[in-house]
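A short write-up of the structure that comes next.
The values are calculated or read from the model by the stated rules, or taken from the named source; none is laboratory data. Remember, predicted model here, so these are calculated numbers, not experimental data. Here Cβ is always computed from backbone atoms with ideal geometry, including for glycine, and neighbour counts include all displayed protein chains.
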Amino acid sequence: MLTKAGSGTLLLSGNTGGAWTGGCVVSAGLLKAGNTNALGTGAASVASGATLAALASISGKLDIGGTLTNSGGTLRIGGT
């Protein structure tokens with residue numbers, strides 16, 4: 001499980017190819033997905049005040065292997 005905490009920005013740009021299964025939690029700040037499957041195959045959640053963004057450079061869809069839970073956070077598709 002990857003947890004993004006703190007007010008900064010974290011860019012995940014790698015291609016996990018399904019090898020990472022832990023999922024992610026965005027508890028604060030901004031987590032940017034720079035590749036279709038950068039978030040791995042587990043579930044994802046976004047806390048209130050946090051942001052999960054898929055960059056415009058992603059061609060196709062953003063893969064989230066499990067459930068996406070949004071607890072009042074922001075989901076942004078196609079931004080920078």
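Scan the strands (runs of 3 or more DSSP E) fully inside the chain and keep the ones with 3 or more residues being among the polar types (S, T, N, Q) and surrounded by fewer than 16 Cβ atoms within 10 Å (Cβ to Cβ).
On the way: elements: 2-4, 9-12, 24-26, 30-33, 44-47, 51-55, 68-71, 74-79.
In the chain, 68-71 are the strands (runs of 3 or more DSSP E) which contain 3 or more residues that are among the polar types (S, T, N, Q) and surrounded by fewer than 16 Cβ atoms within 10 Å (Cβ to Cβ).
Mind checking which residues of the range 61-78 are under 15 Å from S27 (Cβ atoms) and in contact (Cβ under 8 Å) with a residue 40 or more places away in the chain?
G73
Output the residues belonging to the range 12-29 that are at pLDDT 80 or above and among the polar types (S, T, N, Q).
Of everything in the range 12-29, those that are at pLDDT 80 or above and among the polar types (S, T, N, Q) turn out to be S13, T21, S27.
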